[in-house]
Amino acid sequence: MKRMTFFVIGFVVLVTCLFAIKIESAPPPGTRIILEHTNQTYITPPCYEGAQKTNNIAEADLQKARETNYKPESSCTEQSLQPAHLPIAYVIAEKLGLKKSSWDW
């Protein structure tokens, strides 16, 4: 009986911690980005409509944008790529593909 009580209490504490403790989650390197070659900037899809852009664009990922040393096109792009503080359970669900990522555009 004591083992069962210990197990139940441990399980409740574990589940509570998974949802109560938040960790920093950054956008993955494969996050979709638009490169604007003329101005040497990158744009996130949520910020595309309001961006200053030319026709010289290409689709890439965040890793490629950082390798090119392009700058964020606007504060909108910078803010959309800021790390999020999420409960551990959400981060695990994103990694397992059970939950849509904050940067899944």
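Here are some notes:
- Number of positions in the range 60-86 that are under 14 Å from Ile34 (Cα atoms), within 11 Å of the chain's Cα centre (by Cα) and not hydroxyl-bearing (Ser, Thr, Tyr): 2
- Count of residues meeting criterion [in a loop (DSSP other than H, G, I, E, B) and of a type in the set (A, V, I, L, M)] in the range 24-56: 2
- Test: residue in the range 73-86 that is closer than 22 Å to Ala20 by Cβ, surrounded by fewer than 17 Cβ atoms within 10 Å (Cβ to Cβ), touching a Cys at 6+ places or on another chain (Cβ under 8 Å) and not polar (S, T, N, Q): no
- For Asp61, the conditions (1) surrounded by 13 or more Cβ atoms within 10 Å (Cβ to Cβ); (2) more than 22 Å from Ser101 (Cα to Cα); (3) not basic (Lys, Arg) are fulfilled apart from (2).
- Criterion: of a type in the set (Phe, Trp, Tyr), closer than 24 Å to Ala93 by Cβ, out of contact with any Leu (no Cβ under 7 Å at 6 or more places or on another chain) and loosely packed, with under 11 Cβ neighbours inside 10 Å - qualifying residue of Phe6, Phe11: Phe11
- For the range 1-38, a residue qualifies if it is polar (S, T, N, Q) and closer than 30 Å to Ser74 by Cα, and the qualifying residues are Ser25, Thr31, Thr38.
None of the figures in this text is laboratory data; all of them are computed from the coordinates on show. Every value quoted in this text rests on a predicted model; they were computed, and no experiment measured them. Here Cβ is always computed from backbone atoms with ideal geometry, including for glycine, and neighbour counts include all displayed protein chains.
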